[in-house]
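Values quoted throughout were computed directly from the atomic coordinates according to the rules given, and no laboratory measurement underlies them. Computed from a predicted structure; not experimentally measured. Counting neighbours? That spans all protein chains shown, and the Cβs are built from the backbone with ideal geometry, glycine included.
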Amino acid sequence: MLTPLERVVQDEPRLASFVRAGELTRIPRRPAIAAQLYAATASQLPTGVTLSETEVNNLLRPIWSDVSTLRRALVDHGHLSRSPDGTSYRRAGSSAH
């Protein structure tokens, strides 16, 4: 069974150069490659489910230990929506909070 990070790299092989010892080492600087990372990462999150920040962090941690940066990037790039009060998240395209 593949880890979440291995599934991300499988979806976007160009991201393999950003993985060392099974961990994402950094966010790609090139916007197009970073966008691929965000899209592939978001595809690993459940749809139609409202998640707490802790739940999102737990899902993202196997992909990158800096979960707050990755979570914010997913929100900023439209892959994850945050409730107005900041207490819950949904994968973009899921029903509203």
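Could you compute the net charge surrounding Gly48? Neighbours are other residues with a C-beta less than 9 Å from the C-beta of Gly48; K and R count +1, D and E count -1.
Details: positive: Arg90, Arg91; negative: none.
Spelling it out: positives minus negatives among the neighbours equals +2.
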Exercise. So for the chain, taking the charge dipole from beta-carbon charges (+1 Lys/Arg, -1 Asp/Glu), which of Gly22, Gly93, Ser52 sits furthest toward the positive end?
Worked result: Gly22
For this session: Taking the Cα centre of the chain as origin, work out the dipole magnitude from +1 charges on Lys and Arg Cβ and -1 charges on Asp and Glu Cβ, in debye rounded to 20.
Result: 240
For this session: Enumerate the calculated ³J(HN,Hα) couplings along the stretch 75-84 in order (Karplus 6.51 cos²θ - 1.76 cosθ + 1.60, θ = phi - 60°), each rounded to whole Hz, writing x wherever the residue is Gly or Pro.
Result: 5, 4, 9, x, 8, 9, 9, 10, 5, x
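So how many Å³ per residue does the convex hull of the Cα atoms of the chain work out to?
Details: hull volume 9.0 nm³, N = 97.
Enclosed volume per residue, from the Cα hull, is 93 Å³.
Over every pair of different alpha-carbon atoms in the stretch 6-50, take the mean of 1/r and invert it; report that Kirkwood radius in Å.
Working: mean 1/r = 0.0908 Å⁻¹.
After inverting the pairwise mean of 1/r, the radius is 11.0 Å.
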